[in-house]
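The values are calculated or read from the model by the stated rules, or taken from the named source; none is laboratory data. If you're wondering where the values come from, they're calculated on a predicted model, not measured in any experiment. Here Cβ is always computed from backbone atoms with ideal geometry, including for glycine, and neighbour counts include all displayed protein chains.
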Amino acid sequence: MIPPFDPEYFSIVDGYTLTPIKDFTLVKYAVACVAVWADGVRLIDNIIIK
């Protein structure tokens, strides 16, 4: 059985400043950041998207 995921946050941020992006076309380096809880374990990850 796969435990349900409980999202904590998802944000696309500027890769240099880690501030949330308001206009994706204005940045050269964007990163998607996510954290979720799964059966009492906090999972975090990020991926460069631009």
| field | Scope the chain; condition surrounded by 11 or more Cβ atoms within 10 Å (Cβ to Cβ) and among the polar types (S, T, N, Q); matching residues | value | S11, N46
| Hits in the stretch 1-30 - residues which are of a type outside the set (D, E) and in contact (Cβ under 8 Å) with a residue 24 or more places away in the chain | P3, P4, F5, P7, Y9, F10, I12, G15, F24
| Selection count, the stretch 1-46, where residues are more than 15 Å from the chain's Cα centre (by Cα) and part of a strand (DSSP E or B) | 2
| How many residues does the stretch 7-26 contain that are of a type outside the set (A, V, I, L, M) and over 17 Å from N46 (Cα atoms)? | 3
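When you look at L26, is it at positive phi and modelled with pLDDT under 95, yes or no? Even if it seems obvious, please write down each step before you answer.
Values: at positive phi: no; modelled with pLDDT under 95: yes.
Judged against the criteria, L26 is not a match.
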